[in-house]
Amino acid sequence: MASDFLTVEVWTSRGLVTHYMLFVISMAERVVHILGLTARPDETWMMQIGRNAIDGDAGALAGKQYLIIDRDTKYTDQFRRLVCESGTEVIRLPTDVTQSECLR
């Protein structure tokens with residue numbers, strides 16, 4: 001699995017509000033799971049999303065061996081620990097990503 005955020009601009013009565021959508025992609029199955037959408041992706045929200053994702057019955061990460069994430073600060077230490085303790089290894093992408101060898 002790989003995970004990332006995307007932003008969605010929503011017009012509300014208070015004006016334009018940015019919402020953050022967290023999703024995971026199953027590389028083997030080519031399936032996208034939307035884990036959640038919020039205007040405030042704080043640690044409490046991330047922990048609840050993490051608990052939902054690792055749920056043994058219906059979680060998107062149930063039985064998955066790896067979760068690839070970038071270094072976005074929204075992936076807190078507690079979130080990564082929660083996922084690791086469920087048996088899914090968290091792989092963080094390096095901070096200094098250079099151009100691919102294939103593109104040179």
One residue is enough: does the stretch 25-33 have a residue meeting the conditions among the hydrophobic types (A, V, I, L, M, F, W, C) and within 14 Å of L82 (Cα to Cα)? no
Those residues of the stretch 26-40 that are over 18 Å from E89 (Cβ atoms), over 11 Å from the mean Cα position of the chain (by Cα), open to solvent by less than 70 Å² (accessible area, probe 1.4 Å) and not hydrophobic (A, V, I, L, M, F, W, C) come to a total of 1
Given (1) more than 18 Å from R92 (Cα to Cα); (2) loosely packed, with under 14 Cβ neighbours inside 10 Å, A62 misses just (2)
Report, by residue number, each residue of the stretch 41-51 that is open to solvent by 80 Å² or more (accessible area, probe 1.4 Å) and either within 14 Å of C84 (Cα to Cα) or among the small types (G, A, S) (or both). R51
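The values are calculated or read from the model by the stated rules, or taken from the named source; none is laboratory data. Computed from a predicted structure; not experimentally measured. Neighbour counts run over all protein chains shown; Cβ positions are idealised from the backbone, glycine included. Just the protein is used for accessible areas: all its heavy atoms, side chains included, with ligands, DNA and RNA removed. Shrake-Rupley method; radii C 1.70, N 1.55, O 1.52, S 1.80 Å.
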